[in-house]
Amino acid sequence: MSTRSSTSITCPQCDHRQDFEIWPSLNVDLDPEQKDRLLSGELMRSICGECGVGAEVNYAILYHDMTRQLMVNFTGEDGKDELSNPLSERILTDYQLRIVATRNALVEKVWISTASLDDRVMELFKLTMEQQMNQEDEEELLFAGIEEAENGERNLRFVRVNASGSESYDVPMGSFQDFSDTVSSSFGLGAPELGEWLTIDRQFAIKMFRDHFSEDSKS
Ligand SMILES: [Zn+2]
């Protein structure tokens, strides 16, 4: 089930007040068009009816994909909105359950799931990319879906976001697969854990690398 409600938004530019539809619980099997709006950013952006200025609207969403057995709990960027768990534990035991702290992370989880990739491998891959690109602290690297090139090859699209804008990078699917095979065997990654709420983010990847290399130095 999805839940939909309405909130009042004040335009940051002209103070015009208008209603904005929010989706505290979003079931994308029942409301697939809302998944597209989430991925495009529309679901959490209000456009002022008076002056046309866009404003990001920060609200908690429980994202639910029954087909891919994924739930993502975004609690809102101020961390104040808490969601109660709406489904029985019995149903969730077959699910990948994720907690995210930002809108960008929510959208990225949906892209990862849609591309049938492993989010643990994705975080490790992004950390490796960041090191190669000498990423600055305030920058963020996000996976943004699969693109098909003119020659028919499939690429992973990444977007590097910083204060001055964003840049996109395409990585051949084969490079990601090679990386995935290597880390899965050397880090001993098993099947993703199901039925447990986990935070799989940059910190997760940093910890995996640290644990891995500290084990190496002991042996
Ligand atoms: Zn306005």
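Taking the stretch 145-168 as the range and being in a strand (DSSP E or B), among the charged types (D, E, K, R) and surrounded by 12 or more Cβ atoms within 10 Å (Cβ to Cβ) as the test, the residues that pass are GLU147, ARG154, ARG157, ARG160, GLU167.
Per-residue answers, yes or no, for (1) at negative phi; (2) outside the structural domain of VAL28 (by TED's automatic domain parsing); (3) not hydrophobic (A, V, I, L, M, F, W, C):
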residue	(1), (2), (3)
LEU124	yes, yes, no
MET129	yes, yes, no
GLN132	yes, yes, yes
GLU140	yes, yes, yes
GLU147	yes, yes, yes
GLU153	yes, yes, yes
ARG160	yes, yes, yes
GLY165	no, yes, yes
SER175	yes, yes, yes
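Would you check which residues across the stretch 1-45 are exposed (fewer than 15 other Cβ atoms within 10 Å of the Cβ), without any contact (Cβ under 8 Å) to a residue 12 or more places away in the chain and not in a loop (DSSP other than H, G, I, E, B) and list them? The answer is THR10, ARG17, PRO32, GLU33, ASP36, SER40, GLU42.
To keep it simple, each residue is scored yes or no on (1) in a loop (DSSP other than H, G, I, E, B); (2) over 23 Å from ALA101 (Cβ atoms).
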residue: MET122; (1), (2): no, no
residue: LYS126; (1), (2): no, no
residue: GLN132; (1), (2): no, yes
residue: PHE143; (1), (2): no, no
residue: ASP170; (1), (2): no, yes
residue: SER184; (1), (2): no, yes
residue: ALA191; (1), (2): yes, yes
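Of all residues in the stretch 116-144, those that are at pLDDT below 95 and of a type in the set (Phe, Trp, Tyr) total 0.
Right, GLU77: at pLDDT below 95, under 30 Å from LEU141 (Cβ atoms) and within 16 Å of the ligand (Cβ to nearest atom) or not? The answer is no for GLU77.
Out of all the residues in the stretch 141-161, is one or more in contact with a helix residue (DSSP H, G or I) (Cβ under 9 Å, 6 or more places away or on another chain) and within 16 Å of GLN203 (Cβ to Cβ)? Yes: the stretch 141-161 contains one or more residues that are in contact with a helix residue (DSSP H, G or I) (Cβ under 9 Å, 6 or more places away or on another chain) and within 16 Å of GLN203 (Cβ to Cβ).
In the stretch 181-190, is there at least one residue being more than 26 Å from GLN34 (Cβ to Cβ), free of Cβ contacts under 8 Å to residues at least 24 places away in the same chain and of a type in the set (A, V, I, L, M)?
The answer is no; no qualifying residue exists.
Of the set (1) polar (S, T, N, Q); (2) farther than 20 Å from LEU189 by Cβ; (3) at pLDDT 95 or above, all apply to SER113 but (2).
For the stretch 7-57, the set of residues classified as closer than 23 Å to ALA144 by Cβ, away from the ligand (no atom under 16 Å from the Cβ) and acidic (Asp, Glu) consists of ASP29, ASP31, GLU33, ASP36, GLU42, listed by residue number.
Contact map, the stretch 56-71: residues that are under 24 Å from PRO192 (Cβ atoms) paired with residues that are in a strand (DSSP E or B) and basic (Lys, Arg), Cβ distance under 9 Å, separation 6+ or inter-chain. Pairs shown: TYR63/ARG98; LEU70/ARG98; MET71/ARG98.
The values are calculated or read from the model by the stated rules, or taken from the named source; none is laboratory data. As the structure is a prediction and not an experimental result, all values here were calculated from the model. Glycine gets a Cβ as well: all are built from the backbone with ideal geometry, and neighbour counts include every protein chain shown.
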